[in-house]
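A short worksheet on the structure shown next.
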Amino acid sequence: MRSSSRFLGALASVASLLPTAFAQSSTPVTYTDAGTGITFNTWPVPAGSQTAGGFTFGVALPSNALTVDANEFIGYLQCSSKDATSTGWCGVSLGGPMTNSLLVTAWPAGGDVYTSFRYATGYSMPDLYTGNATLTQISSTINSTNFSVIFRCQNCLSWNQGGQAGAASTSAGYMVLGWVQAFPSPGNPTCPNQITLNQHDNGMGIFGAQFDSAAANPSYTAWAAKATKTVTASCGGPTTTAIASVPVPTGLTYDYVIVGGGAGGIPLADKLSESGKSVLLIEKGPASSGRFGGTMKPDWLVGTNLTRFDVPGLCNQIWVDSAGIACTDTDQMAGCVLGGGTAVNAGLWWKPYTLDWDYLFPTGWKSADLAAATSRVFSRIPGTDTPSKDGKLYLQEGFNALAGGLKTAGWSQVTANNSPNQKNRTFAHTAYMYSNGERGGPLATYLVSAKGRSNFNLWLNTTVKRVIREGGHVTGIEVEAFRNGGYQGVLNLTSITGRVILSAGTFGSAKLLMRSGIGPADQLAIVKSSTDGPTMVNNASWINLPVGYNLDDHLNTDTVISHPDVNFYDFYQAWTKPNTTDTSKYLNGRTGILTQAAPNIGPMFWEEIKGADGIVRQLQWTSRVEGSFDTPNGKAMTMSQYLGRGATSRGRMTITPNLGTVVSDVPYLKDANDKAAVIQGIVNLQNALKTVKNLTWNYPNASVSAADYVNNMVVSYSNRRSNHWMGTAKIGTDDGRSGGSAVVDLNTKVYGTDNLFVVDASIFPGVPTTNPSSYIVIAAEQASQRILALAANAPNARYGQCGGLQWTGSFTCKAPYTCQVQNPYYSQCL
């Protein structure tokens with residue numbers, strides 16, 4: 001629901017939830033440096049709730065930069081520090097989001113200000129930038145409250161890291177910039193190439209920076225000539241530690257290999273192993289919950305079998321400490337840990353609105369078809385809206401303030417999972433997957449029963465590089481150790497009848513398909529030219545499917561109110577400096593505020609908006625007790641509007657030359673009717689809360705209309721994502737090989753294969769009403785039954801058809817015959 005990890009969240013995700021033109025002014029302030037005479041357009045962030053001590057970034061541009069795109073500038077950075085003993089660091093993204101943009105970082109050490117170019121592709125320590133950007137200093141200062149540096153940055157306004165390119169246009173008259181700063185010093189501070197940036201604690205943001213006429217100056221060439229200073233690095237030898245891998249055992253085979261231990265993979269592993277088949281579940285990340293050997297925890301959990309993942313009140317820790325948990329090969333937040341999203345999210349658990357299945361899914365996957373699967377799932381994970389074992393809800397002042405206004409306005413309070421189809425002008429307490437005061441969910445149910453069977457096995461810390469296939473038949477998988485103890489080598493399937501199911505998530509499964517030669521031709525060409533090239537399946541066996549298209553996510557639009565009755569609880573302090581009364585209540589009885597998800601979520605409320613196009617669009621509002629933008633925590637509540645079912649906008653995920661994934665086309669507000677629903681939803685909420693005494697709208701405030709608020713807000717995944725990504729391997733009957741939109745058929749089998757399946761959020765045609773975890777588990781239950789009902793793959797006799805553009809049968813042949821391509825539409829066993 002928010003952003004990410006110490007530096008991971010700062011530089012790798014800083015998507016700060018800032019509407020442009022609000023939390024930080026986009027209008028430049030002219031500043032002339034007294035020491036150098038250089039005049040800058042600057043964009044200060046004043047000291048306050050957003051950052052202590054303030055932050056300023058500025059640029060001076062070449063004289064023609066407002067008409068011809070420049071590729072260099074003179075930069076000014078002034079960042080906060082606690083004292084004169086060289087503390088703190090700061091950074092600027094020259095593309096806005098901190099992923100897939102050139103990053104400039106700066107910090108003081110030993111009387112000098114050091115700098116480093118960095119590039120982040122995901123939620124991890126950004127890599128050293130390998131492009132041709134150069135930075136030469138003009139001047140720098142360090143004092144007890146801040147440090148500053150003026151520098152010439154050449155080849156900085158276009159960038160290319162491993163084939164992933166981007167640029168900022170000065171002729172557009174503005175740039176979108178991101179910033180972050182922190183008080184702790186970097187590790188290895190005198191060696192820019194080896195720094196470690198582990199924590200941000202002093203603000204971050206993203207904003208549109210407009211240029212005025214002073215930005216481009218005829219004196220630029222003379223000013224640039226002042227850039228003569230380089231700071232000498234002092235480095236020790238590089239330290240690298242090889243990953244200790246385990247060879248894949250010789251002769252080992254499985255009936256089913258499931259890739260990804262999340263909301264889709266875990267239920268599948270349980271249901272398929274229950275049938276008696278041999279099943280291997282492969283998870284890229286480490287164990288999460290203590291019951292499976294997880295060890296990540298704060299000091300107050302030491303000596304218990306609980307980890308950070310088991311305690312609901314610690315769920316938000318992912319946004320300030322995601323090292324070793326968040327996936328590093330995507331520019332979005334994804335959990336690479338056992339349980340996937342169900343281990344790291346807030347645990348919201350909704351019985352599906354039947355209209356979601358009926359509207360989004362093809363025949364065979366309608367609500368009536370899913371009724372039995374839904375019943376099975378909710379019999380195992382019923383969920384609760386009173387997670388504390390004493391039956392109480394804690395710190396409900398925020399809920400009461402909003403609920404009172406909604407009720408007065410005619411909205412109805414419901415128990416959400418007792419009335420799943422009441423999603424128009426209704427509100428409810430939050431429903432969670434928790435049980436007995438702990439996280440629960442698939443980890444505590446499906447995985448526990450699967451692990452009790454001798455025919456089930458689990459590999460952790462292991463990434464799947466590709467599926468190995470002969471034409472449309474998968475024979476095995478190639479695995480690599482992701483962390484110590486992971487497996488390395490080739491694992492074969494049970495001959496002829498073995499199956500692989502990809503459940504690695506919307507980005508992970510799509511990426512695996514592409515690395516296995518399945519996807520759009522432009523994406524497969526990128527894989528072919530990458531390090532995968534030598535082992536990639538032959539071009540003649542590529543399967544052209546629209547993998548990566550149809551990307552969807554709940555469009556998030558944050559609004560903020562304040563009310564004197566609201567009381568903020570600092571869940572982050574529960575990690576570092578917990579309230580001992582609260583930890584005692586939790587440890588001794590699983591009661592209290594720590595049984596509730598951070599940051600005190602609720603009420604949840606829903607509305608349906610009918611557009612001019614006749615489509616009914618679904619809104620879900622998730623309110624939480626914390627500030628956003630420049631509104632501090634304390635008396636504030638953030639109300640996040642999710643635009644769901646009915647929205648028509650879609651985007652695309654693509655693969656990069658370094659085999660990471662990026663959201664290359666955001667799925668937001670491409671349809672004017674989508675935007676109209678967002679605006680109308682805000683207007684309706686403002687009207688509903690008019691009767692709440694002493695309630696103040698901070699964003700949008702009284703001087704800003706809902707329309708202006710939405711129209712002026714940046715449309716980027718950085719500030720509009722909900723991290724409910726879906727759709728990149730869409731289910732359907734319109735075979736993508738023949739120009740359709742579907743990647744998998746109604747049995748979740750990948751078109752053009754006979755034993756490769758995808759079961760996770762990627763098969764969803766669009767996002768549903770609510771947070772999607774329960775929907776994905778239900779889809780896995782349904783898919784398991786359909787897959788088990790399929791006849792075992794049987795090899796074709798001599799002269800039998802074994803492939804072709806529209807072939808849906810077996811791609812294997814009886815020995816000694818092989819499947820040979822005759823033409824694009826026909827392959828034959830010869």
Here are Val821, Val767, Val743: which of them is in contact (Cβ under 8 Å) with a residue 24 or more places away in the chain and closer than 20 Å to Val500 by Cβ?
Val743
Got at least one residue in the range 601-610 being touching a strand residue (DSSP E or B) at 6+ places or on another chain (Cβ under 7 Å) and among the acidic types (Asp, Glu)?
yes
Look through Pro667, Pro632, Pro657 and report the one residue that is surrounded by fewer than 20 Cβ atoms within 10 Å (Cβ to Cβ) and under 30 Å from Val527 (Cα atoms).
Pro657
Subset of the range 248-277, residues in a loop (DSSP other than H, G, I, E, B), of a type outside the set (D, E, K, R), farther than 30 Å from Tyr572 by Cα and in contact with a helix residue (DSSP H, G or I) (Cβ under 9 Å, 6 or more places away or on another chain), comes to Ser275
Within the range 219-236, does at least one residue satisfy the condition of being under 34 Å from the mean Cα position of the chain (by Cα) and either in a loop (DSSP other than H, G, I, E, B) or outside the structural domain of Gly54 (by TED's automatic domain parsing) (or both)?
no
Looking at (1) out of contact with any Ser or Thr (no Cβ under 7 Å at 6 or more places or on another chain); (2) within 24 Å of Gln620 (Cβ to Cβ), can you tell me which one Gly391 breaks?
(2)
Report the residue count in the range 573-588 for those that are over 30 Å from the mean Cα position of the chain (by Cα) and part of a loop (DSSP other than H, G, I, E, B).
1
If we keep only residues of the range 118-136 that are under 22 Å from the mean Cα position of the chain (by Cα) and in a strand (DSSP E or B), then the residue surrounded by the most Cβ atoms within 10 Å (Cβ to Cβ) is Ala120
Does Gln820 qualify as being at pLDDT below 95, of a type in the set (S, T, N, Q) and touching a Leu at 6+ places or on another chain (Cβ under 8 Å)?
yes
Here's a check for you: in the range 97-109, which residue that is farther than 17 Å from Pro184 by Cα and in contact with a Leu (Cβ under 9 Å, 6 or more places away or on another chain) is surrounded by the fewest Cβ atoms within 10 Å (Cβ to Cβ)?
Val104
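Yes/no per residue for (1) surrounded by fewer than 17 Cβ atoms within 10 Å (Cβ to Cβ); (2) under 28 Å from Leu689 (Cβ atoms); (3) more than 25 Å from the chain's Cα centre (by Cα):
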residue	(1), (2), (3)
Asn544	no, no, yes
Val547	no, no, no
Asn550	no, no, no
Val560	no, yes, no
Asn600	no, yes, no
Pro603	no, yes, no
One residue from Thr56, Thr51, Thr42 being within 33 Å of the chain's Cα centre (by Cα), outside any loop (DSSP other than H, G, I, E, B), of a type in the set (Val, Ile, Thr) and under 18 Å from Asn143 (Cβ atoms):
Thr56
If I ask for residues that are without any contact (Cβ under 8 Å) to a residue 12 or more places away in the chain and within 27 Å of the chain's Cα centre (by Cα), which ones from the range 294-318 would you list?
Lys297
The condition from (1) within 30 Å of Val758 (Cβ to Cβ); (2) surrounded by fewer than 22 Cβ atoms within 10 Å (Cβ to Cβ) that Ala403 misses is numbered (1)
If I go through the range 729-765 residue by residue, how many of them are over 20 Å from Ala504 (Cβ atoms) and either assigned to a loop (DSSP other than H, G, I, E, B) or among the hydrophobic types (A, V, I, L, M, F, W, C) (or both)?
8
Applying the selection to the range 429-450, what residues are closer than 19 Å to Tyr775 by Cα and not in a loop (DSSP other than H, G, I, E, B)?
Tyr432, Ser435, Gly441, Pro442, Leu443, Ala444, Tyr446, Leu447
State which residue pairs qualify: first residue more than 18 Å from Thr56 (Cβ to Cβ) and inside the range 142-163, second residue aromatic (Phe, Trp, Tyr) in any location, beta carbons under 6 Å apart, and separation of 6 or more residues or different chains.
Gln161/Tyr119
Arg798 being among the basic types (Lys, Arg), surrounded by fewer than 24 Cβ atoms within 10 Å (Cβ to Cβ), modelled with pLDDT of 95 or more and part of a loop (DSSP other than H, G, I, E, B):
yes
Condition set in a loop (DSSP other than H, G, I, E, B) and at pLDDT 95 or above, scope the range 137-159, selection farthest from Thr328 (Cα to Cα): answer is Asn155
List the residue pairs whose Cβ atoms are under 7 Å apart, where the first residue sits in the range 212-237 and is touching a residue at least 12 places away in the same chain (Cβ under 8 Å), the second is charged (D, E, K, R), and the two are 6 or more positions apart or on different chains.
Ala224/Arg152; Ala227/Arg152; Val231/Asp112
I'm trying to understand the selection: among the residues of the range 496-510, which are over 15 Å from the mean Cα position of the chain (by Cα) and either surrounded by fewer than 24 Cβ atoms within 10 Å (Cβ to Cβ) or not in a loop (DSSP other than H, G, I, E, B) (or both)?
Ile496, Thr497, Gly498, Arg499, Val500, Ile501, Leu502
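Here is a yes/no grid of residues against (1) of a type in the set (Phe, Trp, Tyr); (2) touching a Leu at 6+ places or on another chain (Cβ under 8 Å); (3) surrounded by fewer than 24 Cβ atoms within 10 Å (Cβ to Cβ):
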{"site": "Pro44", "(1), (2), (3)": "no, no, yes"}
{"site": "Ser49", "(1), (2), (3)": "no, no, yes"}
{"site": "Phe55", "(1), (2), (3)": "yes, no, no"}
{"site": "Ala60", "(1), (2), (3)": "no, no, no"}
{"site": "Asn64", "(1), (2), (3)": "no, no, yes"}
{"site": "Trp89", "(1), (2), (3)": "yes, yes, no"}
{"site": "Gly95", "(1), (2), (3)": "no, yes, yes"}
Looking at Gly264, Gly293, can you tell me which residue is outside the structural domain of Asp754 (by TED's automatic domain parsing) and either out of contact with any strand residue (DSSP E or B) (no Cβ under 9 Å at 6 or more places or on another chain) or crowded, with 24+ Cβ neighbours inside 10 Å (or both)?
Gly293
Tell me which residues, restricted to the range 296-323, are part of a loop (DSSP other than H, G, I, E, B) and either touching a strand residue (DSSP E or B) at 6+ places or on another chain (Cβ under 6 Å) or of a type in the set (Asp, Glu) (or both).
Asp310, Asp321
Pick from the range 676-720, criterion modelled with pLDDT of 95 or more, small (Gly, Ala, Ser) and under 29 Å from the mean Cα position of the chain (by Cα), ranking: nearest to Glu397 (Cα to Cα):
Gly681
Among the residues of the range 94-132, which ones are among the small types (Gly, Ala, Ser) and touching a residue at least 60 places away in the same chain (Cβ under 8 Å)?
Gly95, Gly96, Ser101, Ala109, Gly110, Ser116, Ala120, Gly122, Ser124
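The values are calculated or read from the model by the stated rules, or taken from the named source; none is laboratory data. Just so you know, these numbers come straight off a predicted model, no measurement behind them. Virtual Cβ from ideal backbone geometry, glycine too; neighbours counted across all protein chains shown.
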